[in-house]
Structure formats: C-alpha cells, structure tokens
Amino acid sequence: MDTHTNPWKTLASEKKYENPWISVTEHQVLNPSGNPGIYGVVHFKNQAIGVVPYEEGYIWMVGQYRYTLEQYSWEIPEGGSPLGEDPLSTARRELKEETGLTARHLEPIVHMHLSNSATDEWCIIYLATGLSPGQAEPEDTEELQLKKMKLEEVFEAVESGQITDSLTVAAVYKLMILKLQGKL
C-alpha cells in the first residue's frame, strides 16, 4: 500500500478521560493546511473480536440491548481481547460465553479498524466451524438471546438496515463473498 508522511503536527496532548476500557486524549494540532485545531482520540484498551458461528448455511446470532444506542441489536458473538491476550483465545472464550458453542476450527476472515477517524480500535473477526453445543456463560452485564438464522436472512437484515453492528455487517458481507466464490 502507498505510504505518506504525516501532514498533522501535534503541539500538545492531554488525557481528558480514562476508565478500564478506554481513554480519551485531546490533541492540540496544526492540521494539514497549517491551521490550528483540536483532535480527540478514543484509545481502546481491548482489541475487538467477532466470531461467526457458521454451519450448513446458518449463523448463530446473539441479541441484546445496547445501552449506547438505546435499542436492541442482533449481532455475531463479540467481545474484547485485552491487549497482550491471544485473540484466538478470546474468540473461543466469547463464542462459549455468548452461545455455549465450541468450535473445532477458527479462522480469521476480517481485520479492520472500526472507526479510524476518532478511535484506534482494531478488530479481528473469526469464522467458527465444526461446532458443538454446550451451556452459555454470559457475563453479568449481558442479557442475551440466541437465534439460528440462514445466512441469506441475516444478509437481508443487513441490507435493509435492521442489523447495523459493524462487526456483523463486515462478517456477513465477507461470508457472502466466500459463498459466491464457492469457499463456504
């Protein structure tokens, strides 16, 4: 990929907020045209992990109320991997916690920044196959529902705007590409 030098100049930085999951830093900057301004950056202390439990054309979806959006959301199992923790271990843990499923195979299918204009949050999405059922073990902050849906049904929900979670949207589009290529 083409690389360029940084056209921004940082004059000063001050951490404005921090909790166990994020920190927010305000930077006094000179923007690319040389004008002064501010830039706020949200730093995530965890890496985002998504898991697509897939078998014979179906995906297991997790439903939960999302406080930030003040609405219910259907999405793939997902969670945070503390920096330094093996993302694959996190994927296995989140799959088990949220669905009760274990997978013989986990393969990374998407790597992405989630909102690179304001955060540094990085994500890996895994395809989970060779699934075995078990008992879910949700965290005390999670009140989850589980639903097995056809891939095409989830795709239609993404296309119609019913499903808007970024990890789920990216995962579903990737699965549709894999399916069209005959790799799924």
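The values are calculated or read from the model by the stated rules, or taken from the named source; none is laboratory data. In this text, all values refer to a predicted model and were calculated from it rather than measured experimentally. For neighbour counting, all protein chains shown are included, and Cβ atoms are generated from backbone atoms with ideal geometry for every residue, glycine included.
So here's what we get for this one:
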quantity	calculated
Options Val169, Val158; residue that is touching a helix residue (DSSP H, G or I) at 6+ places or on another chain (Cβ under 9 Å), in a helix (DSSP H, G or I) and free of Cβ contacts under 8 Å to residues at least 12 places away in the same chain	Val169
Filter result for the condition that a residue is of a type outside the set (Ser, Thr, Tyr) and touching a helix residue (DSSP H, G or I) at 6+ places or on another chain (Cβ under 8 Å), over Leu88, Leu131, Leu83, Leu114	Leu114
Filter result for Trp8 (at pLDDT below 95 and touching a Lys or Arg at 6+ places or on another chain (Cβ under 7 Å))	no
Any chance Glu142 is in a loop (DSSP other than H, G, I, E, B) and under 24 Å from Ala157 (Cβ atoms)	yes
Count of residues meeting criterion [within 17 Å of the chain's Cα centre (by Cα), farther than 20 Å from Leu106 by Cβ and of a type in the set (A, V, I, L, M)] in the stretch 145-168	2
Residue within the stretch 150-161 that is in the same structural domain as Thr68 (by TED's automatic domain parsing), at pLDDT 95 or above, loosely packed, with under 15 Cβ neighbours inside 10 Å and polar (S, T, N, Q) present	yes
3 or more residues without any contact (Cβ under 8 Å) to a residue 24 or more places away in the chain and closer than 25 Å to Ser166 by Cα: qualifying strands (runs of 3 or more DSSP E) within the stretch 1-50	22-30
All positions within the stretch 51-85 that are within 19 Å of Thr129 (Cα to Cα) and either aliphatic (A, V, I, L, M) or more than 15 Å from the chain's Cα centre (by Cα) (or both)	Val51, Val52, Tyr54, Glu55, Glu56, Gly57, Tyr58, Ile59, Trp60, Met61, Val62, Ile76
Residues that are touching an Asp or Glu at 6+ places or on another chain (Cβ under 8 Å) and under 17 Å from Thr141 (Cβ atoms), drawn from the stretch 73-112	Ser73, Glu75, Pro77, Glu78, Gly79, Glu94, Lys96, Glu97, Glu98
Residue match in the stretch 126-135 (condition: farther than 16 Å from Ala91 by Cβ, touching a residue at least 24 places away in the same chain (Cβ under 8 Å) and either of a type in the set (A, V, I, L, M, F, W, C) or assigned by TED's automatic domain parsing to the domain that holds Gln71 (or both))	yes
Scope the stretch 68-121; condition in a loop (DSSP other than H, G, I, E, B), modelled with pLDDT of 95 or more and buried (at least 16 other Cβ atoms within 10 Å of the Cβ); matching residues	Ile76, Pro77, Gly100, Leu101
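Okay, residues lined up against (1) within 19 Å of Lys174 (Cα to Cα); (2) among the β-branched types (Val, Ile, Thr):
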{"residue": "Ile59", "(1), (2)": "yes, yes"}
{"residue": "Val62", "(1), (2)": "yes, yes"}
{"residue": "Thr68", "(1), (2)": "no, yes"}
{"residue": "Ser81", "(1), (2)": "no, no"}
{"residue": "Glu98", "(1), (2)": "no, no"}
{"residue": "Ser115", "(1), (2)": "yes, no"}
{"residue": "Leu127", "(1), (2)": "yes, no"}
{"residue": "Glu137", "(1), (2)": "no, no"}
{"residue": "Glu142", "(1), (2)": "no, no"}
